[in-house]
Structures are given as structure tokens and as C-alpha cells.
1. Just name the residue that is surrounded by the fewest Cβ atoms within 10 Å (Cβ to Cβ) out of those in the stretch 191-229 that are over 13 Å from ALA271 (Cβ atoms) and free of Cβ contacts under 8 Å to residues at least 12 places away in the same chain.
2. For the stretch 337-352, state whether one or more residues are out of contact with any Gly (no Cβ under 6 Å at 6 or more places or on another chain), under 23 Å from GLU443 (Cα atoms), touching a residue at least 40 places away in the same chain (Cβ under 8 Å) and surrounded by fewer than 23 Cβ atoms within 10 Å (Cβ to Cβ).
3. Note down all Cβ pairs under 8 Å where the first residue falls in the stretch 153-169 and is farther than 15 Å from THR468 by Cβ, the second is assigned to a helix (DSSP H, G or I) and among the acidic types (Asp, Glu), and they're at least six residues apart or on different chains.
4. If I filter the stretch 395-412 for residues that are in contact with a helix residue (DSSP H, G or I) (Cβ under 7 Å, 6 or more places away or on another chain), within 27 Å of ALA324 (Cα to Cα) and buried (at least 23 other Cβ atoms within 10 Å of the Cβ), do I get at least one hit?
5. Right, THR139: surrounded by fewer than 18 Cβ atoms within 10 Å (Cβ to Cβ), over 20 Å from ALA207 (Cβ atoms) and either touching a residue at least 40 places away in the same chain (Cβ under 8 Å) or over 17 Å from the mean Cα position of the chain (by Cα) (or both) or not?
6. Go through (1) under 27 Å from VAL169 (Cα atoms); (2) outside any loop (DSSP other than H, G, I, E, B) one by one and return the number of the condition SER382 breaks.
7. Of the numbered conditions (1) more than 24 Å from THR366 (Cβ to Cβ); (2) without any contact (Cβ under 8 Å) to a residue 40 or more places away in the chain, ALA423 fails exactly one; give the number of that condition.
8. Among the residues of the stretch 217-228, are any in the same structural domain as SER173 (by TED's automatic domain parsing), touching a Lys or Arg at 6+ places or on another chain (Cβ under 8 Å) and over 28 Å from THR103 (Cα atoms)?
Amino acid sequence: MWDAGGVISRRELLIGGAALAACRRGPAIRTRGPDVTHGVAVGDVSTGRALVWARSDSPARMIVEWDTTDRFANPRRVAGPVVTQETGLAATMSIDGLPDAQTVFVRARFEREAERGAGAWQVARFNTPNPTKFRVAWTGDTCGQGYGRNPEWGGLRGYAALRAAKPDVFVNSGDLIYGDNPILPEQTLVDGRIWRNITNERVARPAQTLDDFRARFAYNLEDEHLRAFAAEVPVVAQWDDHETHNNWCPGQQLDDARYTERDASKLAAFAQRAMREWVPLPAGPIHRVVSYGPLLDIFVLDCRTWRTPNDTGIGTAMLGAAQAKWFVDALARSRARWKLVACDQPLSLVIGDGPNDERFEGFGNTPGAPRGREVELAAVLSAIQRVTGVLWITADVHYAAAHHYDPARGTGGTFAPFWEFVAGPIHAGTFGPNPLDPTFGPEVKFQWAPPPGQGNLAPWDGLQSFGTIDVTREALSVGLWGIDGQRRFSVELT
């Protein structure tokens, strides 16, 4: 193009300019599209609506399509938000107009509009509410006590067992991560065996920054069993304490030498932001109602955001006045045949807190008239006593149990008898059983816990668990299961 004197000729300039213009007018060179990094997950499925979550490996726009066949012959397309580093490269978006009693197939990918680049589709499927029958599963506590993804054990095998149970919807009852429990390469157990983890720099220390908390959620979803489960079963998620720190409450200054940031509220803000980035949650408060068709409303409670310090003083809050009123009113308005209360704290199990267990983490504390957080609970139970079809589920204490409550056996005032079912952990150390505070007349109908004198048993010791609820117009059948697929307890409620 250059002549001997180094000067470009007019003809060559015109040719080069025309070529450049043609390149500008023609199609851009297609680059490798942004990839979905951790599969697709679905959440809060209700009548006509669902949430879809995915994460990209780079900034791009989220695109979702859904259909009632896996061929996607007539897909409905929804363009979602642009994900960036600021959003954790993840997004949750809603799809609407879903038919009832159908298997819906959904796929997501990310597109770079300027470069005309698009990644490959990742597919999930889920069932929409059925007006005659369906199955709910629940459990909690993933990767606690330093028990991470052990390839010798087979990863998060509990989620493979949950998937085999074929639930239509899954309530994750909290402790989605253990931000305060480092996942180290090895953990030597009491019996001398060694639990070996896949780990990395961020999960091998307590989470204190936003990226630390993000890394915890990413770590769990790097397990093939959890990803496969999330691609088939929609989640209704809530949080508990270990998303932030054991037994935390708002405004608390942590007495934990491992931390440079000891303001529990600041840590909780990071934890909740990471959770909302990595879990298909709706905007707004964590407490909410998920209306799963005419047979079931799921009431998700938040026992963290408004609690006051753990003591037995009169008026100590767990739900807070605004949430307690919302809960009572929402139950009264519900026209569903069954009302499932997902509470991330057991109602009467005594859970010690503090150096000498001088405080109480849950509602339960001491025998006698309601004290501490029980005052709030007594008011709620009294206010909902005319609401029919209510049962409670929870996790948190790392063993499975079934409790029946009757005011005739207690000193907690007047309320309608009800059941509470406890499941978990799905992948953490097992403990218990905990003592029962008799205030609300609980009776142990079943419990499955480590032998006396033993605790923090590993997942391979056989006490990991989950629960199922088979819902029909006539009855509920509740089961508590080990992750070996064997049912340990069942009861039918009419």
C-alpha cells in the first residue's frame, strides 16, 4: 500500500476506505458467547408464575424462553436484565402466563448484543401447581461444620436423594451456606477418619466480604447433585443464621477473634445480597406467601431480620411486630385448603446461646408461662386458632423430629392443636436431640438423632435427612426420610 517514499496513494486510500466501510456495514465477527456458569434454577412457583435464575461468566443480557415441551417448538421469550460485575453476573427474572398442572421447560442463555454473541442454552424443568395432588420436600443446612464437597463420599449426595424423591416443590429452610464455618482440605474426626474437601481460598476462611459470601453460594452450586436437583425442582428459599454467623441478631458485635469486621448487621447485608444474587428470590422482604394453587399456601417466615437479642426478657422479639401482624392477617386471608408455615426456628426446642448457654437462640427457653420470644409466639398462636389446615416445618437443629402441640398439655394459652416437623441436615454435622420447653404442650412423636454422648457426626454416618409432604384434597401425608431413601417416620393428617 505504501510507495517507495512511504506515502499512501490515492487509489490505495480509496480501496482501503471502501473495504473498511464494507466491514462496518457487514456482520460483526461472532465471538464466543457468554456461558451460563452454574446451570438454571427456578423459584417461588405459584399459579401462573415462576422465577428463573442463571449466572453468566461475563457481562451480558439474560434471555429466557419457556414451553410445555422439551423441543421448544413454540417458545415464549422474555428478555431479562443485563448482568454485570455489580450484580454478581447473575439475575432472577419472572415468567408469567404459565398453565396449571403442566411440566414447563425453561431455558436461559446470555447475549452480548453489540457483538451479536450468544452463549449456549441451559435447560431446566418444573411442575406448575396441580389442583389435585403434589409433593413438597424440605430440609436445611448445607456444608456446615466444615463438611464440604468430599469426592470420596460423592459430593452433596443428599441432593441426589432429594431428587430421587421427585418433589414438585422444595422448601429450603435456611442455612443455605455456612459463612462462618471454614471448609478446609481435611478434617480429622473423633474416630480418626479423615473427611477430605474440595476447597479454595475463599471458602477456607470465614466470610467477611461480599465476594467471600458469593464464593460460598458458588461452591455449593459447583456440586453436580445440587445443580441437577435445581434444574428439576423449584425452590422456596429462606435464610437462618449461618448465612451470616452462628446465632447472630441485628446490631450484634461479634465476639469472634477470627473476624476483623464484627458488625453482624454489616455482614448480614453482604450475606443477603449474595443470597439474592445466587438464589431465585423475589424482590422485597424474605417473609412472603407462595400460593401453590388451591390446595396449598406456603408462608415463609424470617426469624433473623427483626429479632432482638437472645434473652428471656418480656417482649423479646423473633418476628417483630410488623411481620407477626402480616403473618396473622395473611393466614386469615388464605383460602388454600392447607397452610404450610416454613419457620427457620423450631418452636419449643431449647437451643442454647452464649458461652455457657445462658441465652436462648429460639423461641423455647424455660418451663412455665410464656417468656422472652414465647410472648410473641403465644399471641400469634392465639390469633390464628380459628384458621384450619395449618402445619409447621423447620430445620436448624440437625436432626429429624415430629412434634404435636396441644394447649391442654402446656401453659402457653389457648390455641388450636397443630403439628411441627423437623428435618435435616441435608449435608452437615448431626447433633441432638434438644430438650423441649413444655410451655406450648409439645409432645415428641418421633426423633432421629445421634446416640447419647455423640455429636457432629459426618454425613457418611447415616443421619442426614429430609421431609416430604404429599398433598391431596383429602389429606396430607408427611414423611421423614434418610438420604438412603428409607422412610423413618410417617403420619397422615386430615
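1. Per the criteria, the residue is GLY192.
2. Yes, there is a match, as at least one residue in the stretch 337-352 is out of contact with any Gly (no Cβ under 6 Å at 6 or more places or on another chain), under 23 Å from GLU443 (Cα atoms), touching a residue at least 40 places away in the same chain (Cβ under 8 Å) and surrounded by fewer than 23 Cβ atoms within 10 Å (Cβ to Cβ).
3. Hits for this filter: GLY155/GLU224.
4. Yes, the stretch 395-412 contains a residue that is in contact with a helix residue (DSSP H, G or I) (Cβ under 7 Å, 6 or more places away or on another chain), within 27 Å of ALA324 (Cα to Cα) and buried (at least 23 other Cβ atoms within 10 Å of the Cβ).
5. no
6. Status for SER382: all satisfied but (1).
7. (2)
8. yes
The values are calculated or read from the model by the stated rules, or taken from the named source; none is laboratory data. Everything numeric here is computed off the predicted structure, so don't read it as measured data. Note that each Cβ is placed from the backbone with ideal geometry, even for glycine, and that neighbours are counted across all protein chains shown.
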